[in-house]
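The values are calculated or read from the model by the stated rules, or taken from the named source; none is laboratory data. These numbers were taken from a predicted model, which means no experiment stands behind them. So basically every Cβ, Gly included, is an ideal-geometry build from the backbone, and we count neighbours across all protein chains shown.
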Amino acid sequence: MFEDIKKDATTRMAKCIANLKEHYKHMRTGRANVGLLDGIRVDYYGTETPLAQVANVTVEDSRTLMIAPWDKSMVPAIEKAIFKSDLGLTPNTAGTSIRLPLPAMTEERRREMIKVAKQEAENARVAVRNVRRDVMNELKEMLKEKLISQDDEKRAHEEVQKLTDKHIADVDAVFTEKEKEMLHV
């Protein structure tokens, strides 16, 4: 019975880390990254469609993204979607392809982005701790209903705490990696 609870907790904590990594993919660093445009939706014949489904997005060099729409008539809609996004990028259209030059990040902007990344990491830590709290409450209920003994509950608490510590360390590692990436010039 506890194994099911532990497996569920592990899955939920892993989702917290995956969610953090997903947030980090959309954060701008000094280099061009295709994941930067994942959140952009384009008006494709009246339907909001992800950019990746209407165009091929590639990294041309370390500071430039190249967007090649599959339908040539989509170029203005893609430009409009990029302008509408809060990325602060200006597309350069050359015929049927769009180049997105990424401006160099200033030191001050990098520090701001690190603060945002740190806040996202803290949110992930809180989410992991919330999973721990839910599991602990579930264990208390099981003890109250006499489904497990006090010794089993104590062992389960220790295992859940170890699991929590491991996932918090994983969150810290992901943040440290992102911080290095942002500080790299």
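Consider residue 117 carefully, then state whether it is in the same structural domain as residue 164 (by TED's automatic domain parsing) and in contact with an Asp or Glu (Cβ under 8 Å, 6 or more places away or on another chain).
Working: in the same structural domain as residue 164 (by TED's automatic domain parsing): yes; in contact with an Asp or Glu (Cβ under 8 Å, 6 or more places away or on another chain): yes.
The answer is yes for residue 117.
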Total residues in segment 107-128, condition of a type in the set (Val, Ile, Thr) and over 22 Å from residue 88 (Cα atoms): 2
Residues of segment 167-185 classified as exposed (fewer than 13 other Cβ atoms within 10 Å of the Cβ) and of a type in the set (Lys, Arg), total: 1
Qualifying residues in segment 36-85 (those that are outside any strand (DSSP E or B) and among the aromatic types (Phe, Trp, Tyr)) - the one surrounded by the most Cβ atoms within 10 Å (Cβ to Cβ): 83
Residue that is without any contact (Cβ under 8 Å) to a residue 60 or more places away in the chain and farther than 17 Å from residue 6 by Cβ, where the choices are 146, 154: 146
Qualifying residue in segment 26-34 (condition: free of Cβ contacts under 8 Å to residues at least 60 places away in the same chain and more than 26 Å from residue 184 (Cβ to Cβ)): no
Options 114, 67: the member that is out of contact with any Ser or Thr (no Cβ under 7 Å at 6 or more places or on another chain) and among the β-branched types (Val, Ile, Thr): 114
Residue match in segment 108-121 (condition: out of contact with any Lys or Arg (no Cβ under 9 Å at 6 or more places or on another chain), over 28 Å from residue 20 (Cα atoms) and crowded, with 17+ Cβ neighbours inside 10 Å): no
Subset of segment 127-152 [outside any helix (DSSP H, G or I) and either among the basic types (Lys, Arg) or modelled with pLDDT of 90 or more (or both)]: 146
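Every residue, every condition in (1) modelled with pLDDT of 85 or more; (2) not aliphatic (A, V, I, L, M), yes or no:
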| residue | (1), (2) |
| --- | --- |
| 54 | yes, no |
| 58 | yes, yes |
| 85 | no, yes |
| 93 | yes, yes |
